[in-house]
Amino acid sequence: MVSKVLRYGILGIMGLIWLLPIYLLLANAGKSTADYSGDALWTPGSVTGLVDNVVAVFQTTDVPSGLGITFVYAIVAPIIAVALGAGIAFAVIVLKVKHGFFWFFVIFCGTVFPLQMMLIPWFSVYAKIGLFDTVPGMIIIYSVVALPFSAFVMRNFFAGIAPSVFEAAVVDGAGTWRIFTRIFLPMSTSALVVVFILQATWVWNDFLISLILTQSPSTRPVMPLLNALQSVEGGGPGYTVILTAALVVSIPTALLFGFTQRFFQRGLSLGQY
Amino acid sequence: MTTTTSHKATSYQRSAWAFLGPGAAVVVLVLYLPVLYTVYLSFTTYSGLGSPVFAGVANYVALVQDPVFVTSLVNTLIWVAGSLLIPVGIGLVVAYLSFGLKGAAWLRVPFLIPYALSGVAVGIVFGFVLQNGGALSQALAFLHLPGSETRWLQEAPLNTVVMILAASWQGIGVNALLFTVGLQSIPKEPLEAARVDGASGWRLFRFMVWPLLRPSTTIVVGLSIVNSLKTFDIVQAMTQGGPNRVSETLGVSMYRDTFSNSDYGLGSAVAIFLSIITVAASVIYVRRQLAIGDSSGDTASKDA
């Protein structure tokens, strides 16, 4: 019993320590630039201060202009990745394509190289063929980078479906495309959702790829825009506004996580991500 | 490794390729060809304009003689060691302490919240906490503790250490979740038997739980090593690798050499160096990952 109390105690204290940076973020995002002098950082802010700062983020910074396009990237690219990944898994596990493991291995190993290994060619080839700083160019790269993980999770999931499911459908006279779209995809909704959530979060939070491959307001997503707020000190927005901007761009992923928590442990055991 | 085939492997080859082909093609085109091109560039001199000029191993020679690269490599190794010690270690502690407690999922929530933040957002929050006269300095001064004058982000290797702490703050929740999933998959009987035999506390953990948890540990450790090798976002957002490039990691150096200093050959050489270590480290957990789901089902405890 004592050890149980101790465990609650340790976890509770650690949890509070973990929440301190979040508190500082909220407290100072809730201070008006006028109140903020930099010497009382631990005092709480106010709701009106927060509202004023959110308004300031939308009126005076570039960050909101990136929200729309970031949503497009974070929704479209994971859908493409999930669809192509499920197709790969279907071919390898269900249709047992020849040398299936080899091909799966090749696709999966696309993730082991750091992105730094591909940035220069993406940058120079995109500049040559007119995909640099374009929405389709970004969607292509996000989708393909997300693809190996998606194929991996879907393969693990399909491996758990009994072969008799496929055989019964064949006996019923269904073609492979029909079996894929009408039987296997509906059966694997939870896995598809997990992959989508993880990859949408990754795309939303991407900084490196977008930093290099975008420059104009119509293509640049939020993370490089958020980071740029820091480098215009002096003429740039005050710290309260920068913190508020960081808060604003974190809300979509926080909501996504909050609403889909149940899927998570399941996804982790599927993907060991 | 192979699953038993209950229908002929050849009967659906044509349609199988319709499903596999598009994915395989884009992966080769968008991921593998660029890797090859970067390998080629690392043997050239190239400023991004005109065309690359073959230069043999000049970039690699320049690299090993470059003090910035050496610093960057050392920093990257500090990142790897720190990420194993702190997020993996504390992640395991959180998972083990909360395992089996009522409301365990709620106890883990504070550790998961930071995971919703991006690397850039974490960098901004911790930049705010750690700046000179920032929240940490004020707290230390208020409590009359030493360190309130410390310039956390300006001095090496201190800046690397505090950035690792920032990254740990973000990363522990996921590690704790992975370990929790691992703990849940440990069979109950041997643990009960050990308890009946009087094992408890540290001994129970050391001799029963730890060995049975090995499949999860392998993956968490592998992912931590690989992710810490690739560190970019937090460093770029907090110090940009500075001051004077002292807190760069290999990922940041590659970016700086290539896109700020327009030395594509040198940047490619850094990328290749980084890739070689990353790929070597990946072998640790990729083998484990690929074993899962390969034979149908019970692989989790196979080599525990």
Checklist line | Only one of A:ILE75, A:ILE93, A:ILE13 that is more than 11 Å from chain B (Cβ to nearest Cβ) and not acidic (Asp, Glu) | finding: A:ILE75
Margin query: Based on this model, can you work out whether B:VAL80 counts as more than 9 Å from chain A (Cβ to nearest Cβ) and either touching a helix residue (DSSP H, G or I) at 6+ places or on another chain (Cβ under 9 Å) or within 30 Å of A:PRO163 (Cα to Cα) (or both)?
Written below: yes
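I'm trying to understand the selection: among the residues of the range A:194-207, which are assigned to a helix (DSSP H, G or I) and touching a Gly at 6+ places or on another chain (Cβ under 8 Å)?
In the first step, residues of the range A:194-207 are kept if they are assigned to a helix (DSSP H, G or I); the result is A:194-205.
Passing the criteria: A:VAL194, A:VAL195, A:ILE197, A:LEU198, A:ASN205.
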Checklist line | Unique match (being more than 10 Å from chain A (Cβ to nearest Cβ), crowded, with 17+ Cβ neighbours inside 10 Å and touching a helix residue (DSSP H, G or I) at 6+ places or on another chain (Cβ under 6 Å)) among B:VAL220, B:VAL235, B:VAL209, B:VAL252 | finding: B:VAL235
Check: Checking B:GLY198 against (1) of a type in the set (Gly, Ala, Ser); (2) more than 25 Å from B:PRO157 (Cβ to Cβ); (3) at pLDDT 85 or above, which test does it fail?
Finding: (3)
Check: Restricting to the range B:126-142, what's the tally of residues that are surrounded by fewer than 21 Cβ atoms within 10 Å (Cβ to Cβ), of a type in the set (Gly, Ala, Ser) and either in contact with a Gly (Cβ under 6 Å, 6 or more places away or on another chain) or under 16 Å from B:GLU155 (Cα atoms) (or both)?
Finding: 3
Notebook entry, point to check: Can you tell me which residue in the range A:96-111 is nearest to the other protein chains (Cβ to nearest Cβ), limited to those that are aromatic (Phe, Trp, Tyr) and farther than 21 Å from B:LYS230 by Cα?
Noted result: A:TRP103
Notebook entry, point to check: Among the residues of the range A:155-163, is any among the charged types (D, E, K, R) and touching a residue at least 60 places away in the same chain (Cβ under 8 Å)?
Noted result: yes
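Listed here are the residues, each with its yes/no results for (1) at the interface with another protein chain (Cβ under 8 Å from one of its Cβ atoms); (2) within 30 Å of B:THR258 (Cα to Cα); (3) without any contact (Cβ under 8 Å) to a residue 60 or more places away in the chain.
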site	(1), (2), (3)
A:ILE139	no, yes, no
A:GLU167	yes, no, yes
A:VAL171	no, no, yes
A:ALA174	no, no, yes
A:THR181	no, no, yes
A:ALA200	no, yes, no
A:GLN215	no, yes, no
Margin query: Can you say whether B:SER148 is at the interface with chain A (Cβ under 8 Å from one of its Cβ atoms) and either hydroxyl-bearing (Ser, Thr, Tyr) or touching a Phe, Trp or Tyr at 6+ places or on another chain (Cβ under 8 Å) (or both), as far as the supplied structure shows?
Written below: no
Next item on the list: Return the residue satisfying two criteria in turn: it lies in the range B:11-31 and is within 7 Å of chain A (Cβ to nearest Cβ) and hydroxyl-bearing (Ser, Thr, Tyr), and of such residues it is surrounded by the most Cβ atoms within 10 Å (Cβ to Cβ).
Entry: B:TYR12
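Residue-by-condition table, conditions (1) in contact with a Ser or Thr (Cβ under 6 Å, 6 or more places away or on another chain); (2) over 26 Å from A:TYR73 (Cβ atoms):
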{"site": "A:GLU167", "(1), (2)": "no, yes"}
{"site": "A:GLY175", "(1), (2)": "no, yes"}
{"site": "A:ASN205", "(1), (2)": "yes, no"}
{"site": "A:LEU208", "(1), (2)": "no, no"}
{"site": "A:LEU225", "(1), (2)": "no, no"}
{"site": "A:GLN230", "(1), (2)": "no, no"}
{"site": "A:GLY238", "(1), (2)": "yes, yes"}
Note to self: Within the range B:26-112, considering only helices (runs of 4 or more DSSP H) that don't extend past its boundaries, which have at least 1 residues that are farther than 30 Å from A:GLY258 by Cβ?
What the structure shows: B:33-41, B:58-65, B:67-83
Next item on the list: Identify all residues within the range B:44-67 that are over 14 Å from B:THR258 (Cα atoms) and aromatic (Phe, Trp, Tyr); write none if there are none.
Entry: B:PHE54, B:TYR60
Checklist line | Filter pass, B:LEU92 being within 21 Å of the chain's Cα centre (by Cα), at pLDDT below 90 and more than 7 Å from every other protein chain (Cβ to nearest Cβ) | finding: no
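The values are calculated or read from the model by the stated rules, or taken from the named source; none is laboratory data. The structure displayed is predicted, hence computed values, not measured ones. Don't worry about glycine lacking a Cβ; one is built from the backbone with ideal geometry, like all the others, and counts go over all protein chains shown.
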